Amino acid sequence: MWHLFMKVLLSTCILLLLLSGCFGPVLRKVEDPSKPIVRPLYSVFPPAGDGWMYLQDDLPDDRHVIMFSKIISRTHSIVATIMEVKAGPRPSTPQKFLEMIESELNKEDSSDSERYKEKSNTIVLNNRFGPYTVRVGSQYKDYGAVNRGDTPFLVFVGYSYYFFHPSEAFILVTMDYSERGKAEEMSKNLEHDAEEFYRHISLAQ
């Protein structure tokens, strides 16, 4: 399971490079928000509102990503991602899956303690995408963000789901909806917006 989680973390690093334009496909404007993106295992509509860009691409190690990005200002952005990872057999029980996610997120929290401060995670089992679903709410202050400008830190808030696809026991799906910006820029409705985005995701049976 450690190998599984490392795949997810490596995919996150690749996503940041994609978003920065270092390699891979460029972000394209969402032209028709009423049209879903259809994958063999799910379909997803773009997040609500104007100004969204998106990309989708295959990554190394049998991974596929769809990412939506909304850049509001130099310091303020919202990103939504869905990633499929071929991960091997799922844990024997949902509780063990929860414990694995808790363990690895706690390890993450112990790293880069000088840059990321006041971290907090809420990690719970959730049946939204089947019994092997873990919901994570995260927030922290990023004192090392290169785009923080004249403010000492940027705030990060995110709501994520990790789950094994109900009809594909070897496919782990990770979904994330997050916002980063100055404290005064942050939305008061982010959790609602995240859940609305997730509500418009349909899994193939």
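The values are calculated or read from the model by the stated rules, or taken from the named source; none is laboratory data. As the structure is a computational prediction, the values presented were derived from the model and not from experiment. Note that we place each Cβ from the backbone using ideal geometry, even for glycine, and neighbour counts take in every protein chain shown.
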Test result for K107, at pLDDT 90 or above and of a type in the set (K, R): no
Selection status of S11, at pLDDT below 50, touching a strand residue (DSSP E or B) at 6+ places or on another chain (Cβ under 7 Å) and under 16 Å from E84 (Cα atoms): yes
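Condition check ((1) under 17 Å from the mean Cα position of the chain (by Cα); (2) modelled with pLDDT of 95 or more; (3) over 18 Å from F68 (Cβ atoms)) across all residues:
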site	(1), (2), (3)
N121	yes, no, yes
P131	no, no, yes
S138	yes, no, yes
Y161	yes, yes, no
S167	no, no, yes
L172	yes, no, yes
Y198	yes, yes, no
A204	no, no, yes
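So which of T75, T81 ends up being in contact (Cβ under 8 Å) with a residue 24 or more places away in the chain, under 29 Å from V146 (Cα atoms), hydroxyl-bearing (S, T, Y) and not in a strand (DSSP E or B)?
On the way: T81 fails: not in a strand (DSSP E or B).
Going through T75, T81 in turn, just one is in contact (Cβ under 8 Å) with a residue 24 or more places away in the chain, under 29 Å from V146 (Cα atoms), hydroxyl-bearing (S, T, Y) and not in a strand (DSSP E or B): T75.
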Residues of region 71-98 that turn out to be within 20 Å of M175 (Cβ to Cβ) and surrounded by fewer than 19 Cβ atoms within 10 Å (Cβ to Cβ), as a count: 4
Selection count where residues are at pLDDT 90 or above, under 20 Å from Y162 (Cα atoms) and surrounded by 13 or more Cβ atoms within 10 Å (Cβ to Cβ), scope region 38-65: 8
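Would you mind finding the one in S103, S92, S120 that is under 24 Å from V146 (Cβ atoms) and not β-branched (V, I, T)? Give the steps one after another, and end with the answer.
Values: S103 fails: under 24 Å from V146 (Cβ atoms); S92 fails: under 24 Å from V146 (Cβ atoms).
Of the residues listed, the single one that is under 24 Å from V146 (Cβ atoms) and not β-branched (V, I, T) is S120.
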Output for region 130-165, where each listed residue is of a type in the set (V, I, T), within 21 Å of I78 (Cβ to Cβ) and assigned to a strand (DSSP E or B): V136, V155, V157
Residue within region 108-126 that is surrounded by 15 or more Cβ atoms within 10 Å (Cβ to Cβ), polar (S, T, N, Q), out of contact with any Pro (no Cβ under 9 Å at 6 or more places or on another chain) and part of a loop (DSSP other than H, G, I, E, B) present: yes
